[in-house]
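The values are calculated or read from the model by the stated rules, or taken from the named source; none is laboratory data. Model, not experiment: these values are computed from the prediction. As a convention, Cβ positions derive from the backbone with ideal geometry for all residues, glycine included, and neighbour counts pool all protein chains shown.
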């Protein structure tokens, strides 16, 4: 047995256990070299990089603590915002988390971060010191941030990093468009708390005529919450139908299985026959599952750029004090389309 939470074992033991696991359960098992000299790899991370398939852009390894923080506790030490760099010289806010230092200071989506401790962001980016300027992931680190609203108004405040709780529905609203009621929500990830976050959003959408699901910044996660999101949106049009078929490697065909559309933690269902989904190239995995799984049953209108293209998935495996996320299966919808 690997032992309980954070169990320790030697680096050599970790590497051997990981290789054995890959030879059993890796989706592209046939691409693993027949002879692997583990002594030539420094650690489990190096083993993965050395033996992964050329088709594999997705497998990774976390420490057990990183796994707990990211997927279970849903907390991290920070200011509570996510950003994107534009033209290698400007930084814009994608979103902020509820009740975070950033949100409480008034920073919001589409704002531009212009300076950190009085040094312009353009200078920091040019010098390669932007991330260093923000400070490490430690509670108590303070920085003076300057930001500009889309209106042109500028603000400066000192923000201090805290343990930020990462709500997964970042915004939800009902808008009136051409005399129709349109529900809209931003779904940022699929982790343990997502089921309850989805309920809070869908509770606002009683009687809406249309629904827009924004997954532009959603890199994926737990597939059951992609199922819940689709089932709550399309309701009786899909519940009980095939959500996804999981197909494993040639050694594990007995694990192939079909998951049906179901509400999971959901309560309210909208029974819509059309769903709009906003995407970018950062929309991956479970985000793509919402689109692909609904398509055989309702009209799915995708607005935005092409998604990342990840019709495969991972089952986390604990190996000593690590949690591996290597690709174990591919996914297809009711029409056998990946």
Name the residue, out of 142, 122, that is surrounded by 12 or more Cβ atoms within 10 Å (Cβ to Cβ), over 20 Å from the mean Cα position of the chain (by Cα), over 20 Å from residue 190 (Cβ atoms) and touching a residue at least 24 places away in the same chain (Cβ under 8 Å).
-> 122
Applying the selection to the range 268-283, what residues are in contact with a helix residue (DSSP H, G or I) (Cβ under 9 Å, 6 or more places away or on another chain), within 15 Å of residue 310 (Cβ to Cβ) and part of a loop (DSSP other than H, G, I, E, B)?
-> 283
If you go through the range 261-287, how many residues are touching a strand residue (DSSP E or B) at 6+ places or on another chain (Cβ under 6 Å) and at pLDDT 95 or above?
-> 8
Just name the residue that is farthest from residue 14 (Cα to Cα) out of those in the range 315-338 that are in a loop (DSSP other than H, G, I, E, B) and under 17 Å from the mean Cα position of the chain (by Cα).
-> 315
Would you check if there is a residue in the range 253-267 being under 20 Å from residue 184 (Cβ atoms) and assigned by TED's automatic domain parsing to the domain that holds residue 30?
-> yes
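Name the residues in the range 125-137 that are without any contact (Cβ under 8 Å) to a residue 24 or more places away in the chain and surrounded by fewer than 16 Cβ atoms within 10 Å (Cβ to Cβ), would you?
Selection gives 127, 128, 129, 131, 132, 136.
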Take the residues of the range 14-46 that are within 21 Å of residue 313 (Cα to Cα), out of contact with any strand residue (DSSP E or B) (no Cβ under 9 Å at 6 or more places or on another chain) and in contact (Cβ under 8 Å) with a residue 24 or more places away in the chain: which is surrounded by the fewest Cβ atoms within 10 Å (Cβ to Cβ)?
-> 30
Is there a residue in the range 133-146 that is outside the structural domain of residue 189 (by TED's automatic domain parsing), in contact with a helix residue (DSSP H, G or I) (Cβ under 6 Å, 6 or more places away or on another chain) and at negative phi?
-> yes
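For residue 236, state whether it is surrounded by fewer than 18 Cβ atoms within 10 Å (Cβ to Cβ) and part of a loop (DSSP other than H, G, I, E, B). Explain how you work it out, then say what you get.
Values: surrounded by fewer than 18 Cβ atoms within 10 Å (Cβ to Cβ): yes; part of a loop (DSSP other than H, G, I, E, B): no.
No.
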Those residues of the range 87-102 which are at pLDDT 90 or above and out of contact with any helix residue (DSSP H, G or I) (no Cβ under 9 Å at 6 or more places or on another chain), in sequence order = 92, 99, 100, 101, 102
Do we have residue 57 as loosely packed, with under 15 Cβ neighbours inside 10 Å, over 30 Å from residue 140 (Cα atoms) and under 20 Å from the mean Cα position of the chain (by Cα) here?
-> yes
Within the range 293-311, of all residues that are over 20 Å from residue 236 (Cβ atoms) and surrounded by 21 or more Cβ atoms within 10 Å (Cβ to Cβ), the one modelled with the lowest pLDDT is 310
Positions within the range 78-108 being touching a residue at least 40 places away in the same chain (Cβ under 8 Å) and either farther than 20 Å from residue 217 by Cβ or surrounded by fewer than 16 Cβ atoms within 10 Å (Cβ to Cβ) (or both), in sequence order | 85, 98, 99, 105, 106
